[in-house]
1. Please list the three semi-axes, largest first and in whole Å, of the ellipsoid equivalent to region 1-108, using sqrt of 5 times the eigenvalues of its alpha carbon gyration tensor.
2. Based on other C-beta atoms within 10 Å, arrange R86, R171 from fewest to most.
3. Tell me which lysines have Cα within less than 26 Å of K24's Cα, excluding those fewer than 8 residues away on the same chain?
4. Could you give P(r) for region 91-185, binned at 5 Å from zero, as whole percent values over all Cα-Cα pairs?
5. Straight-line reach only, C-alpha to C-alpha below 27 angstrom: list the lysines that K165 could link to, leaving out same-chain residues fewer than 8 apart.
6. Of P47, A64, V116, which is farthest along the charge dipole of the chain in the positive direction, counting Lys and Arg as +1 and Asp and Glu as -1 at C-beta?
7. Using +1 on the beta carbon of Lys and Arg, -1 on that of Asp and Glu, and nothing else charged, what's the dipole of the chain about the Cα centre, debye to 20?
8. Compactness ratio of region 14-184: Cα Rg over 2.2 N^0.38 Å, N = residue count?
Amino acid sequence: MTSSSPPILAKLEDEAFDAFLKAKRPAPPAAGLVGFDGYVTALVVGPRFIDPRRWIPVFAGQNALDAPVGTTEYAAVQSIVATYNRLSTGLGDFPDVYRPRFLTRDDGTWDGHQWVVGFFAGASHAPRLWKPMLNGHRETGNPIAPIRGAIRLRSSADDLRDVAKAVLAIRDYFMPRRVQDARRG
């Protein structure tokens, strides 16, 4: 038996999700799929768990968490959750293969600007807790420097690896706090 109804989208394809994020009004704190990837990366590696009910509506709409199956908003929420899970699992289980999702340029370099803007927007959820990392305090060194440097429009493969190492160093720095918070939870 065939049906004339369109198939139910479990999640949006990357191109459709990118367009959804770019069309969202008011504009979310990270532009498109690349910026969103940076945003979620900061949430995953940051000092504490941020309740998704605080940030998902900013990207998918105020009522998106209650959106009916089959709607674009529902599929957008599934895309958001899939991104969060991909980054969380990937950074935890396969940290050596992690690379940030920068825009690829025609000349073989990468453009990290949107990812970096998204990363710092994600870090804004817990500014006091991020402060030692963002300010390069004595106990943290300055692992965030490669991320700041990637704001430029042309990054090399070495820059990409350096940003990945920085993300992992930040995750390692904050992980004991996250574990402690989860135990108290």
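1. Values: eigenvalues 122, 61, 48 Å².
That gives 25, 17, 15 Å for the three semi-axes.
2. Values: R86 13, R171 18.
With the sparsest Cβ surroundings first, the list reads R86, R171.
3. List returned: K11.
4. It works out to 2, 13, 21, 23, 20, 11, 5, 3, 1, 0, in whole percents.
5. Those lysines meeting the cut-off are K131.
6. It is P47.
7. Numbers: 24 positive and 19 negative charges, 169 e Å.
Around 820 debye, computed over the chain.
8. Numbers: Rg = 15.9 Å, N = 171, 2.2 N^0.38 = 15.5 Å.
This ratio for region 14-184 stands at 1.02.
Laboratory data are not the source of any read-out in this text; all were calculated from the coordinates shown. Quick caveat, the model's predicted, so the values are computed rather than measured. A quick note on method: Cβ atoms are made from the backbone with ideal geometry, for glycine too, and the neighbour counts reach across all protein chains shown.
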